[in-house]
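Following: one structure in structure tokens, then a few remarks.
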Amino acid sequence: MTRYDLIVIGAGPAGLSAAAEAAGAGLRVAVFDENAKPGGQLFKQIHKFFGAKEHKAKIRGVKIGAELLAEAEKRGAEVFLNSPVAGLYKEREILVRRGEGVGHYKGDAIIVATGAQENMPAFAGWTLPGVMGAGAAQTLMHLHRVKPGKRVLMLGSGNVGLVVGFQLRQAGCELAAVLDAAPRIGGYGVHAAKLARTGVPFYLSHSIVRAWGTDKVTGVVAGEVDGGWNFIPGREKQFEVDTVCIAAGLAPATQLLKMAGCAMRAAGADWLPVCSAVGETSLPGVYAAGDVSGIEEASSAMIEGRLAGGAAARKLGFIGPDEYEERRQVLLAALASLREGMFAPQKRGQISAQTDEGIDLSQTLLRKGYLEEGEVGKYPGVKPAAGIHPVIECTQNIPCNPCRDACPQGCIKVTGGIAALPEYDDRAGCAGCGLCVAVCPGQAIFLLNEDAGDGLAEVTAPYEFLPLPQKGELGAALARSGEKLCPAEVVRVKLAPAFDRTALVTFRVPRDFAMRARFWQKEAAA
């Protein structure tokens with residue numbers, strides 16, 4: 001039997017953060033993960049994170065994963081891959097499959113950071129090749145560089161479905177539609193909006209009746225559901241697709257905690273470990289961190305991991321009470337700020353009608369994924385202005401403020417908490433640098449020059465598709481709904497290290513379309 005001060009099960013955002021925190025305090029740490037690559041979901045997350053600086057906002061998940069792994073290993077943590085943990089016992093002992101054998105390890109403390117697993121609803125044809133979880137599609141795209149399919153249907157409009165849907169579009173897949181049995185979009189409106197403006201339709205109160213095909217999926221029948229989740233006869237739609245992605249939520253992977261005898265509590269359809277504020281379970285010295293203790297964003301999982309790692313270091317006497325308490329308070333404050341806004345864990349199941357500022361939420365956004373033209377002006381980030389100025393189409397209270405920190409002029413304000421809607425202060429004057437456009441994780445900021453001469457306007461939009469358009473290239477301007485508005489000529493394409501691979505594409509449209517045009521699309525060859 002091999003002994004460590006701390007054993008971490010899972011090399012995802014929570015596990016690597018816990019390992020880095022504890023190893024930095026001097027503990028001998030081992031991390032075991034069943035996968036061939038570390039990082040959990042981080043190495044599949046090519047989008048930029050929400051939050052503030054302390055949450056690694058505006059940084060892509062794949063980069064965060066590399067930084068965490070480097071930090072943990074630099075501090076001395078040992079990371080063992082292809083090493084599934086087969087058993088966890090009350091005495092803080094684990095059994096690990098290593099190659100053809102089984103290893104026996106004991107920790108003075110254990111942190112379980114096993115994450116979550118995808119829910120897979122059953123329907124006729126769900127076992128056909130081509131039906132997969134959204135996480136599997138991410139794995140194919142980002143770890144193996146394989147397109148999951150040519151034409152894809154997404155079931156689920158939570159953040160996972162919306163983010164993976166956009167990544168499918170980035171990979172060159174056609175996204176036929178996003179379906180959800182719920183009557184409103186479940187994820188962030190900004191994620192839905194960046195899909196909708198590329199022409200992807202949303203069908204709420206719809207689910208899959210059956211998939212058809214012989215040796216693979218070739219199509220899907222979807223049906224509208226009533227308030228009791230029953231299919232309405234005669235309201236079916238057919239989609240010819242070769243791939244179906246399922247994003248029907250996640251279930252915490254608590255099997256090891258149950259095996260060890262940790263006390264559990266009911267939380268909706270899930271059973272979660274009973275934990276203290278720093279993740280300690282009912283078994284002394286055994287902690288839970290990340291999605292295994294409740295589904296949240298990866299940013300929250302990283303903080304929970306550091307809380308658990310610090311708590312283990314304190315319990316084992318590696319850090320003193322004053323140092324520990326100071327660090328604990330900083331981490332708890334950072335975690336609390338991530339839990340602000342209308343998507344906070346304590347508000348799950350609640351339906352908000354207004355923002356915290358008292359602005360009615362857009363029902364079109366919640367049902368179709370985009371704002372109506374007449375709704376945009378009621379938000380504080382949208383103000384008429386002369387010359388170049390930002391239009392901030394952020395309409396929900398999401399914990400995120402990198403736009404404020406990026407603006408060198410100070411013309412973007414986020415006051416009253418991290419989840420407050422950003423406001424454009426036209427007194428400061430916009431320099432037109434485009435940093436706010438590039439860093440926005442929701443791609444919800446645009447630069448407008450409504451008087452570019454000759455009755456034309458210029459719209460600068462974030463662009464993360466390849467190949468990039470070229471200056472002088474002709475295409476079409478699309479509305480927020482994905483509707484084709486008018487011809488549009490690219491006048492600038494700007495890339496900079498500070499943009500982190502988000503290009504700023506400036507295209508010229510007639511002035512009347514300035515507040516409607518939100519995406520540039522290359523015209524298909526005749």
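Suppose we filter the range 292-312 for residues that are more than 20 Å from residue 54 (Cβ to Cβ) and buried (at least 24 other Cβ atoms within 10 Å of the Cβ); how many remain?
Residues meeting the conditions: 3.
For residue 105, only one of the following conditions fails: (1) assigned to a helix (DSSP H, G or I); (2) more than 30 Å from residue 438 (Cβ to Cβ). What is its number?
Of everything listed in (1) assigned to a helix (DSSP H, G or I); (2) more than 30 Å from residue 438 (Cβ to Cβ), residue 105 misses just condition (1).
Hey, residue 66 hits all of (1) at pLDDT below 95; (2) aliphatic (A, V, I, L, M); (3) not in a helix (DSSP H, G or I) but one; which does it fall short on?
In the conditions (1) at pLDDT below 95; (2) aliphatic (A, V, I, L, M); (3) not in a helix (DSSP H, G or I), residue 66 misses (3) alone.
Which ones in the range 212-231 are under 21 Å from residue 132 (Cβ atoms), of a type in the set (Val, Ile, Thr) and assigned to a strand (DSSP E or B)?
220, 221
Would you mind stating whether residue 392 is buried (at least 19 other Cβ atoms within 10 Å of the Cβ), under 15 Å from residue 296 (Cβ atoms) and β-branched (Val, Ile, Thr)? Reasoning before the result, please.
Working: buried (at least 19 other Cβ atoms within 10 Å of the Cβ): yes; under 15 Å from residue 296 (Cβ atoms): no; β-branched (Val, Ile, Thr): yes.
In short, no.
Can you report the number of residues in the range 274-288 which are in contact (Cβ under 8 Å) with a residue 60 or more places away in the chain and part of a strand (DSSP E or B)?
Result for the range 274-288: 3.
Among (1) surrounded by fewer than 24 Cβ atoms within 10 Å (Cβ to Cβ); (2) of a type outside the set (Gly, Ala, Ser); (3) in contact (Cβ under 8 Å) with a residue 24 or more places away in the chain, there is one condition residue 409 misses while meeting the rest; what is its number?
Condition (3) is where residue 409 drops out.
Go through the range 80-103 residue by residue and tally those that are within 20 Å of residue 284 (Cα to Cα), modelled with pLDDT of 95 or more and not β-branched (Val, Ile, Thr).
Final tally of qualifying residues: 6.
Return the residues of the range 372-388 that are touching a residue at least 60 places away in the same chain (Cβ under 8 Å) and either outside any loop (DSSP other than H, G, I, E, B) or surrounded by 23 or more Cβ atoms within 10 Å (Cβ to Cβ) (or both); say none if nothing qualifies.
Result: 373, 376, 388.
Search the range 114-155 for residues being touching a Cys at 6+ places or on another chain (Cβ under 8 Å) and in a loop (DSSP other than H, G, I, E, B), and hand back the single one that is farthest from residue 14 (Cα to Cα).
So, considering only residues that are touching a Cys at 6+ places or on another chain (Cβ under 8 Å) and in a loop (DSSP other than H, G, I, E, B), the one farthest from residue 14 (Cα to Cα) is 150.
The values are calculated or read from the model by the stated rules, or taken from the named source; none is laboratory data. On a predicted model such as this, the values are computed, not experimentally measured, just so you know. With ideal geometry, Cβ positions are generated from the backbone for all residues, glycine too; neighbour counts draw on all protein chains shown.
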